[in-house]
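One structure below.
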Amino acid sequence: MILRNNRLKAGDWVEVRSKEEILSTLDENGQLHGMPFMPEMFAFCGKRLQVFKRAHKTCDTVFPVRGRRVSNAVHLDTRCDGSAHGGCQASCLLFWKEEWLKPASTLDSESSPPVDAGDQPPGMCSEETVWRNSQIQDNTGAPTYSCQATRLPYATTDLEWWEISQYIEDFRSGNVTLWQILCGGMYFLFLWLSNAGIGLGRLIRWSYDHLYPLWRGAPFPRRTGYISDGQQTPTATLNLQPGELVRIKSYDEILKTLNTRNRNRGLYFDAEEVPYCGGTYRVLRRVERIVNERTGKMQEMKGPCVILDSVICQSRYSECRLFCPRAIYPYWREIWLERTSEESAKI
């Protein structure tokens, strides 16, 4: 049963179907309409979970970054632990096809409607197949990993930034509020004016930096690092551990560690990180290795970095993927952070 007549919204409660029910929806590649069901997801079978966002769209980070349309999917409050993918530490938010979930109306009933995968050939997949398709060994002995992130372009369709229907869906689904949509429009108005070639770009950005408190925003997030490209950028080692409390340095302090391509030792500082500058958060985990979404290969991080609890990309400043609900964790260099105490955080 696909939940087309009662589309799930952010905050709704669902139950993940049983392992057997989900396997019956998958093809010989362990996929449903191109979307892989990953081994890490078996642990959530049978659990009652809340919808985080409706995944009606997403961002493709395999090819040049762009927005993509997703059909019949949501994000629950579940993330991949990387256990079937070489211990990848990216902690990606998982995609759940509606065919893998029970509608809320059936949670307290004795039986649930049979799963319907549409035109998907039934009964072609086993648990072993799901595990086997998560990685492929090549001649070098280094596996190539396959996951929802690496396969995302093939499980989605084109979505242009100017398609107004996506923003209506953002609001109707509960993914974003009307206020957030208006704030996004305000930012892009300033961005367009600053790039319009009318000689007032600096004044417009200065105006934005003085007006953003009116809409509870952040400083203009498209400034350039101060270090010339080709020069070595600074580094720092704090050896931060999960649970430690840190303060993110100010935006201007971080710009002093970036080159003109906004990179520190190769790691890009994204505009979506700017709203968190100056805030205090806990370290969620150290990140040492991640699967490269473009190649499927495991990639070792060149320098120490961490992800922070509740600090996610909200796609507030991304032209081609505005309000993407994928909620990727940004990576933070330790030079952008400083330890703080519980007492200091309360001041």
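Brief remarks on what is shown
- Selection within segment 131-175: residues that are in a strand (DSSP E or B) and not acidic (Asp, Glu). The member of this set that is surrounded by the most Cβ atoms within 10 Å (Cβ to Cβ) is Tyr145.
- Enumeration of residues in segment 288-313 that are charged (D, E, K, R) and farther than 29 Å from Ile136 by Cβ: Asp309
- Checked against the criterion of being touching a residue at least 12 places away in the same chain (Cβ under 8 Å) and more than 18 Å from the chain's Cα centre (by Cα), segment 325-334 has at least one qualifying residue.
- Flag for Gly184 being outside any helix (DSSP H, G or I) and either open to solvent by less than 80 Å² (accessible area, probe 1.4 Å) or in contact with a helix residue (DSSP H, G or I) (Cβ under 9 Å, 6 or more places away or on another chain) (or both): no
- Failed item, numbered, when Glu288 is tested on (1) of a type in the set (Asp, Glu); (2) under 20 Å from Gly86 (Cβ atoms); (3) open to solvent by less than 40 Å² (accessible area, probe 1.4 Å): (3)
- Restricted to segment 25-35, and to residues there that are open to solvent by less than 10 Å² (accessible area, probe 1.4 Å) and assigned to a strand (DSSP E or B), the residue that is farthest from Gln135 (Cα to Cα) is Leu32.
- Residue match in segment 198-221 (condition: touching a residue at least 60 places away in the same chain (Cβ under 8 Å) and either open to solvent by 80 Å² or more (accessible area, probe 1.4 Å) or more than 30 Å from Leu76 (Cα to Cα) (or both)): no
- Residue in segment 136-182 that is farthest from Pro36 (Cα to Cα), counting only those that are without any contact (Cβ under 8 Å) to a residue 12 or more places away in the chain and polar (S, T, N, Q): Thr177
- Candidate set: segment 297-324, residues that are of a type in the set (S, T, N, Q) and in a loop (DSSP other than H, G, I, E, B); chosen: the one surrounded by the most Cβ atoms within 10 Å (Cβ to Cβ): Ser315
- Whichever residue in segment 229-272 is surrounded by fewer than 19 Cβ atoms within 10 Å (Cβ to Cβ) and among the acidic types (Asp, Glu) and, among such residues, is farthest from Glu338 (Cα to Cα): Asp229
The values are calculated or read from the model by the stated rules, or taken from the named source; none is laboratory data. Just so it is clear, the model here is predicted, and its values are computed rather than measured. Please note: Cβ atoms are built from the backbone with ideal geometry, for glycine as well, and neighbour counts cover all protein chains shown. We work out accessible area using only protein heavy atoms, side chains counted, and drop any ligands, DNA or RNA first. Shrake-Rupley method; radii C 1.70, N 1.55, O 1.52, S 1.80 Å.
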